[in-house]
Amino acid sequence: MNLSFSAYNYFFDLLSLAVLSLPLYFLSPSPAVRRCLLTGTGMYLLYFIAPRLLLFYLVFWGVTFILQNLVAKFSQGRFSSLLLLVTIAVTLAPMLLWKIVGNDFVFLFNLITNHGIQLSSEWIWEIDLIRKIIIPVGISFAAFRAIDLLIKTYVGRISKLTFDRVFFFGFFPPVQIVGPIIEYEEIQRQGDAMYTFAPDDILEGGKRIASGFFKIFLLTFWLRDSANVFEMFDSMQTWKIWASLIMFTWYFYLNFSGYSDIAIGAARLFGYALKENFSYPYFKRNIQEFWNHWHMSLTRFAQRNIFVPLAGTGLAHNIARSWQL
């Protein structure tokens, strides 16, 4: 269980850093420097949550860099399909272990990463000891982004990436913790160009951030007690249970979509136009339209990659078909 992490605190820290990093970003002399600035910002935010979390993701995205280069190099080889499946399995392993073995994985995660911190610096190790975070926050979003990168590399949509570009994608600050699940192409063009300062981006990003905070701190404030239904339902009347469940669905939606708004708005401040993650799902006409407009980044991920078979035969053909959906 996460004892201290707060998505609100993360985004508050991100926006505070944006005040300092925005001028530096637009004054940077090259796209490479800009990528490094945003990568460093993402790393610092993870370090601020807990140094062991930063260490974990340094290893995770370092391994992803190696796997992506292997897939790019051998994508036309005899065993390329098998290689892709192995790289996907390696990428999914931390998330699956956390979901399947739970407490054992959490124990090993903290033991290994904290010991790794101790080997590098006693001072940072002492800081890490007082951090109460005990799970790899954001691992699901990271795993899906890494898998998407590997599959796109396999089908030829993305070429072999340099170390700094993989880390730029992995540590892109707005989406590290609560999504959305971005694609590499969403940040690629902007990350490789000298984009000039645009007041409209600041305005639109600020409006989107304000919308997110309005959802989280005003609208959900009146619905927060609805979560108690899961602990008190046995002592509640039926109509109160149903009323609480309905209110909780709105509470969950407003929180999730609110944080997505803040993430999209924060990226827009730097000129990155991320795709939408929610589009009024509760106002759609049927369940299919609802799911197509709820957590849309996950839906897009599934549409692109759901046709990957467990066996290797026909892999490229099936993946290519998913791009047409």
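Laboratory data are not the source of any read-out in this text; all were calculated from the coordinates shown. Quantities reported herein were computed from a predicted structural model and do not represent experimental measurements. Glycine also receives a Cβ, built like all others from the backbone with ideal geometry; neighbour counts cover every protein chain displayed.
Summary value for segment 7-197: 36 percent relative contact order, contacts being C-alpha pairs under 8 angstrom separated by 6+ residues. Between Trp242 and Leu203, the FRET efficiency from the beta-carbon distance, with R0 = 41 Å, is close to 0.45.
Note on the chain: with a GNM built from Cα contacts shorter than 10 Å, the maximum mean-square fluctuation among Ala143, Ala227, Ala263 falls on Ala227. Think of it as helices only: each DSSP H run of n ≥ 4 in the chain is worth -39500 (n - 2.57), and spread over all residues that comes to -22000 deg cm²/dmol at 222 nm.
Distance from the alpha carbon centroid of segment 193-245 to that of segment 97-119 works out to 31 angstrom. Other residues whose C-beta falls under 14 angstrom from the C-beta of Phe230 contribute a net charge of -1, scoring Lys and Arg +1 and Asp and Glu -1. Which ³J(HN,Hα) values, rounded to whole Hz and listed in residue order, are derived for segment 34-42 from phi using the Karplus coefficients 6.51, -1.76 and 1.60 in 6.51 cos²θ - 1.76 cosθ + 1.60 with θ = phi - 60°, glycine and proline given as x? Couplings: 5, 4, 5, 5, 5, 4, x, 4, x Hz. Relative contact order of the chain, taken over Cα pairs closer than 8 Å and 6 or more residues apart, is 21 percent. Structure remark: mean-square fluctuation, Gaussian network model of the chain, C-alpha springs under 10 Å; the largest value among Ala302, Ala50, Ala72 belongs to Ala302. The residues Thr238, Thr153, Thr220, when put in order of fewest to most other Cβ atoms within 10 Å, stand as Thr238, Thr220, Thr153.
Close amide-amide hydrogen proximity is noted between Ile158 and Thr153, each under 5 Å apart and 5 or more residues distant or on a separate chain (H modeled in the peptide plane; Pro and chain starts excluded).
Highest GNM mean-square fluctuation among Ile202, Ile134, Ile246, for the chain modelled with Cα contacts below 10 Å: Ile246. Does segment 7-197 come out rounded, prolate or oblate by the C-alpha gyration tensor, with a ≥ b ≥ c the root eigenvalues, rounded set by a/c under 1.5 and, if not, prolate when a/b is larger than b/c and oblate if not? Oblate shape, in that a/c is at least 1.5 and b/c is the bigger or equal ratio.
Positive contributions from Lys and Arg (+1) and negative ones from Asp and Glu (-1), summed over other residues with Cβ under 15 Å from the Cβ of Arg34, come out at 0.
Taken one residue at a time, the phi angles of segment 284-291 give Karplus couplings (6.51, -1.76, 1.60, θ = phi - 60°) of 7, 7, 8, 5, 5, 5, 4, 5 Hz. Gly and Pro are set to x. Applied to segment 74-88, the Karplus parametrisation 6.51 cos²θ - 1.76 cosθ + 1.60 on θ = phi - 60° returns per-residue 3J(HN,Hα) values of 10, 5, 9, x, 5, 10, 5, 5, 5, 4, 4, 4, 5, 5, 5 Hz, with x for Gly and Pro. The C-alpha atoms of segment 1-63 occupy a region whose extents along the principal axes are 43, 30, 12 Å, arranged from largest to smallest. Each Lys or Arg adds one and each Asp or Glu subtracts one; over the other residues with Cβ under 10 Å from the Cβ of Ile264, this totals 0.
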